[in-house]
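Notes follow the structure.
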Amino acid sequence: MLGAAVELAGSDGLLFTGRLSVSSHPWLADHVVLGSVLVPGTALLELVLRAADEVDCGAVEELTLAAPLVLPAAGGAVQVQVGVGEPDDEGRRSVSVHSREGEGPWTLHASGALAPAPADTVPFDATVWPPQGAEPLDVAGCYERFADAGFEYGPVFQGLRAVWRAGEDIYAEVALPEGTDGDAYGLHPALFDAALHASLVSAGGADEGAVPFSWNGVTLHATGASRVRVRIRPTEDGSSIAVADTAGAPVVSVRSLTVRPITTGQLRTGDRDALFKVDWTGVALTGERADSLALLGKDTEGILDGLALQPRTDLDDLAEAGDHDTVLVPPMAGGAGTVESVHAVAAEALGVIQAWLADERFAASRLVFVTRGAVSGEDLAGAAVWGLVRSAQSEHPGRFGLVDVEDDADAALIPQVLASDEPQLLIRGGEVLAARLARTEAQQPLGWDTSGTVLITGGTGGLGRIVARHLVAEHGVR
């Protein structure tokens with residue numbers, strides 16, 4: 001699966017390259033997930049195991065999958081790169097797997113670490129087969145059930161021959177179909193993938209929508225197997241896997257494998273350019289409270305009165321009061337008009353931010369702006385403060401925070417909320433929400449009259465010209 005290895009100049013790292021397609025590796029066409037030809041997680045592991053062998057590493061210490069590797073339609077190919085970093089003092093090396101189609105951007109699919117010595121494994125006696133006392137499970141029709149769930153395994157991946165259960169342990173016999181060459185691989189990815197199907201049979205298909213997510217402690221003991229015996233044993237964070245040949249000799253062992261559900265949206269090749277939105281996700285309070293709180297400025301709305309903090313008029317007054325880990329800025333009062341209020345509050349907040357950054361007495365403290373209704377749009381001046389502080393957060397990580405509340409009861413939770421390191425938080429009815437990025441689908445375009453006038457605002461330089469040309473060329477705007 002890898003065609004070349006290149007030593008990196010000036011370092012002990014290596015770069016392995018290859019190309020994957022259903023033409024070069026026809027068996028990949030037999031792994032169709034939710035309508036897409038998906039390179040299985042066992043194939044990504046095979047790439048990394050091959051790289052590990054080249055740098056004399058005995059195990060894949062960990063490998064976490066970041067994004068599915070979907071092969072393009074109509075038999076197209078993807079370029080693959082496996083990067084291996086320099087060894088650290090203990091001989092461990094970082095490893096990553098990227099791919100791209102044509103001259104497109106590179107996508108990270110997996111990252112982890114290689115270890116110099118084989119991982120510790122739990123002994124697996126495969127010489128007595130099937131295991132004594134194991135209960136046979138029915139595998140008839142299992143691949144039809146998998147297909148109904150969106151996992152259409154072709155002949156090469158339909159390797160389950162028998163499955164047994166003994167307590168919590170699952171045993172299976174798996175084989176490649178005749179004519180499939182396993183000698184060219186450490187462990188053929190289709191054979192290894194089929195071994196994982198045994199747990200699906202045992203669970204009655206409960207996990208059919210899941211794929212490998214994180215491998216830990218993987219050691220390849222022998223290569224070229226075409227028929228194997230498998231034991232899958234539950235662990236605290238997933239399953240341990242032991243694979244042996246028909247004589248009972250070990251082939252591969254996995255200390256722990258965790259799986260995750262997969263959706264159609266994750267398999268869209270255009271997702272690398274997908275749209276994102278801010279999603280407010282609930283976070284649990286630890287019960288701890290932020291120590292050494294102070295208040296900078298007068299709380300004209302009285303929303304922080306319940307915290308019993310003495311207002312400090314300026315930074316000098318604050319410094320004289322002693323060191324404080326966290327300093328709160330109460331909601332700022334704006335002018336009478338909306339525009340004037342936004343301008344005045346934003347200017348005041350900017351002045352506070354600049355003075356805070358320039359004063360070395362507060363280099364180890366965090367300044368948290370408290371607003372009410374800024375995120376919901378009720379307070380437009382507060383919304384301007386949020387935009388300003390978010391920019392300051394990106395330029396000075398850890399120095400600023402934002403908390404938006406709805407009422408006094410929410411404000412009472414601020415000491416507990418600030419015990420976390422979250423930079424942006426909402427408190428709504430006692431629930432604490434943190435900002436997260438989430439994928440979002442493009443909205444259907446609204447109907448509009450292209451014969452009318454179009455007003456372009458904001459990016460009226462280079463971006464504005466691009467938008468104007470697009471409107472004229474694609475939408476007939478005049």
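Values computed for the structure shown
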quantity: Angle in degrees between helix 462-475 and the longest Cα principal axis of the chain, rounded to the nearest 10; calculated: 60 degrees
quantity: On Cα atoms only, tilt of 338-358 relative to the major axis of the chain in degrees; calculated: 70 degrees
quantity: Relative contact order for the chain, counting Cα pairs under 8 Å that sit 6 or more residues apart, in percent; calculated: 11 percent
quantity: Packing-based ranking, highest mean first, of 288-298, 132-142 given that Cβ atoms within 10 Å are counted; calculated: 288-298, 132-142
quantity: By average C-beta atoms within 10 angstrom, highest first, the peptides 144-152, 59-67; calculated: 59-67, 144-152
quantity: Angle in degrees between helix 380-395 and the longest Cα principal axis of the chain, rounded to the nearest 10; calculated: 50 degrees
quantity: Under the Karplus curve 6.51 cos²θ - 1.76 cosθ + 1.60, θ = phi - 60°, whole-Hz ³J(HN,Hα) for the range 292-298, x wherever Gly or Pro sits; calculated: 6, 8, 9, 10, 9, x, 7
quantity: Sorted peptide list for 106-117, 340-351, criterion being average Cβ within 10 angstrom, highest first; calculated: 106-117, 340-351
quantity: E86-Q354 pseudo-label distance in nm [points 7 Å out on the Cα-to-Cβ vector]; calculated: 4.3 nm
quantity: Packing-based exposure ordering (other Cβ within 10 Å, fewest first) of S451, S256; calculated: S451, S256
quantity: Listed values (1) 1.05; (2) 1.08; (3) 0.99, entry calculated as Rg/Rh (Cα atoms, Kirkwood Rh); calculated: (2)
quantity: Three principal axis lengths of the range 135-265 [C-alpha, angstrom, descending]; calculated: 36, 35, 34
quantity: Vicinal HN-Hα couplings computed from phi for the range 53-63 (Karplus, 6.51 cos²θ - 1.76 cosθ + 1.60; Hz; Gly/Pro x); calculated: 5, 5, 9, 6, 9, x, 7, 8, 5, 7, 8
quantity: Amide H contacts under 5 Å for A225, placed H, 5+ residues apart; calculated: H188
quantity: Backbone HN-Hα couplings from phi across the range 17-30 [Karplus 6.51/-1.76/1.60, Hz, Gly and Pro as x]; calculated: 10, x, 10, 10, 6, 6, 7, 7, 9, x, 5, 5, 5, 8
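Quick note: the coordinates plus some simple rules give every number you see, no bench work behind them. Bear in mind that the values here come from a model prediction, so they are computed numbers and not experimental data. Neighbour counts are summed over all protein chains in view; Cβ atoms, including those assigned to glycine, are modelled from backbone coordinates with ideal geometry.
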